[in-house]
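**Q** Before anything else, here's the structure in question.
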């Protein structure tokens, strides 16, 4: 295997997150309505994610993709509808409570702490952990996955390259040992070769048992690694299906983006 420009070591980290036959979806969203002030942004949106799969959420800017992720994780409160995670209704639950239950968000633009070191950023991802032994085990896990972060653990986060900052953002999220990771535009601002590395990493995390909801503008890259996909436009689901169906049946994503599906 060629050396990754991001110095990612594709190793096995087991998340133990696959449902048995007949178990409810890990994430179930029904008839979700979300407002920003008086403006309704999501209009009766429904979506599911099964344990151990990647679900891509595609669509143009302003479609409501980031709003959806922020609502799932608890940063926004819905006006109507239901969000269930691990069969429990989580409408209105705080981000801290969701994090403690294994639900984490890697936000758009990475949002690392630029003035903290790599190590301090990673420790911040496990701020709910009180056992030092557990904390060190999780640090070792992340450093095994991303050797470059181990090498630069004393370096300020803001001095890392864009690709390394994205690794740090994902590593910080992994410190909480999540069962469901929400990824918002992980390829944003990265060179094509680095995007390929990040996509391979996301697929490997899925293969190791992590469930991922992936918001991504890079449609073809997202479909290559996803199990299923939803296309959003103007706050509504315009198309949905397996990633294979999108490829084989040639569903018209451009028309969906324009709200003409």
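Just so it is clear, none of the values below were taken in a lab; they were calculated from the coordinates. Note that the structure is a prediction, hence the values are computed from the model and not measured. All Cβ positions, even for glycine, are placed from backbone atoms using ideal geometry, and neighbour counts span all protein chains on display.
**Q** In which sequence would 225, 54 go, from the one with the fewest C-beta neighbours within 10 Å to the one with the most?
**A** Final ranking by Cβ density, sparse to dense: 225, 54.
**Q** For the range 176-214, list residues with backbone N below 18 Å from a point placed 7 Å from the Cα of residue 161 toward its Cβ?
**A** Within reach of a label on residue 161, which here means backbone N under 18 Å from a point 7 Å along Cα→Cβ, the range 176-214 contributes 186-202.
**Q** Now for a different question. In whole percent, what relative contact order does the chain give with Cα contacts below 8 Å and a gap of six or more residues?
**A** 28 percent
**Q** Oh, and also: For the range 42-109, I need the span (max minus min coordinate) of the C-alpha atoms along each principal axis, in Å, sorted largest to smallest.
**A** 31, 28, 24
**Q** On a 0 to 90° scale, report how tilted helix 162-174 is relative to the longest principal axis of the chain, with both axes built from alpha carbons and the result rounded to the nearest 10.
**A** So the helix axis and the longest Cα principal axis differ by about 80 degrees.
**Q** Another question, then. Using a Förster distance of 25 Å, how high is the FRET efficiency between residue 207 and residue 245, based on the Cβ-Cβ distance and rounded to 0.05?
**A** Computed FRET efficiency for residue 207 and residue 245: 0.75.
**Q** Quick one: length gained pulling residue 135 to residue 75 fully straight, 0.36 nm per residue minus the C-alpha distance? Working shown, then result.
**A** Working: separation 60, 0.36 × 60 = 21.60 nm, distance 2.55 nm.
Once the chain is fully extended between residue 135 and residue 75, it gains 19.0 nm.
**Q** Using only the alpha-carbon atoms, how far is helix 132-145 inclined from the longest principal axis of the chain? Give it as 0 to 90 degrees, nearest 10.
**A** 80 degrees
**Q** Subtract the Cα-Cα distance of residue 94 and residue 151 from 0.36 nm times their separation in residues, and report this length gain in nm to one decimal.
**A** 17.1 nm
**Q** For n ≥ 4 DSSP H runs only, could you compute -39500 (n - 2.57) per run for the chain, divide by its residues and tell me the 222 nm figure to the nearest 500?
**A** -9500 deg cm²/dmol
**Q** Just want to confirm a number: the relative contact order over the range 169-244, from Cα pairs under 8 angstrom separated by 6+ residues, in percent.
**A** Reported relative contact order: 27 percent.
**Q** Right, here's the next one. Let me check the size of the range 157-242 from its C-alpha atoms; what are the radius of gyration and Dmax in Å?
**A** In Å, with Rg to one decimal and Dmax whole: 13.4, 40.
**Q** Here's something else I'd like to know. Against the longest alpha carbon principal axis of the chain, how many degrees, from 0 to 90 and to the nearest 10, is the axis of helix 192-207 turned?
**A** The two axes meet at around 80 degrees.
**Q** For the chain, with equal point scatterers placed on the C-alpha atoms only and solvent neglected, what are the log10 I(q)/I(0) values from the Debye formula at q = 0.07 1/Å, to two decimals?
**A** Reported log10 I(q)/I(0), two decimals: -0.23.
**Q** As a footprinting exposure proxy, order 240, 96 by other Cβ within 10 Å, with the fewest listed first.
**A** 96, 240
**Q** To continue, here is another question. For 137, 196, which order do you get if you count the other beta carbons within 10 Å of each Cβ and list the fewest first?
**A** Details: 137 12, 196 17.
Fewest-to-most ranking of 137, 196: 137, 196.
**Q** In addition: Set the Förster radius R0 to 35 Å, insert the Cβ-Cβ distance between residue 127 and residue 234 as r into 1/(1 + (r/R0)^6), and round the FRET efficiency to 0.05.
**A** Between residue 127 and residue 234 the formula returns 0.40.
**Q** Per the Kirkwood treatment, what hydrodynamic radius in Å, one decimal, follows for the range 58-172 from the mean inverse distance over all distinct Cα pairs?
**A** Every distinct Cα pair counted, the radius reaches 15.7 Å.
**Q** Identify the residues of the range 63-101 with backbone N under 12 Å of a label point that sits 7 angstrom from the Cα of residue 33 along the Cα-to-Cβ direction, or state none.
**A** Inside the label zone: 78-82.
**Q** While we're on this one: Give the distance, in whole Å, between the Cα centre of the range 132-188 and the Cα centre of the range 23-70.
**A** Using only Cα atoms, the two centres lie 26 Å from each other.
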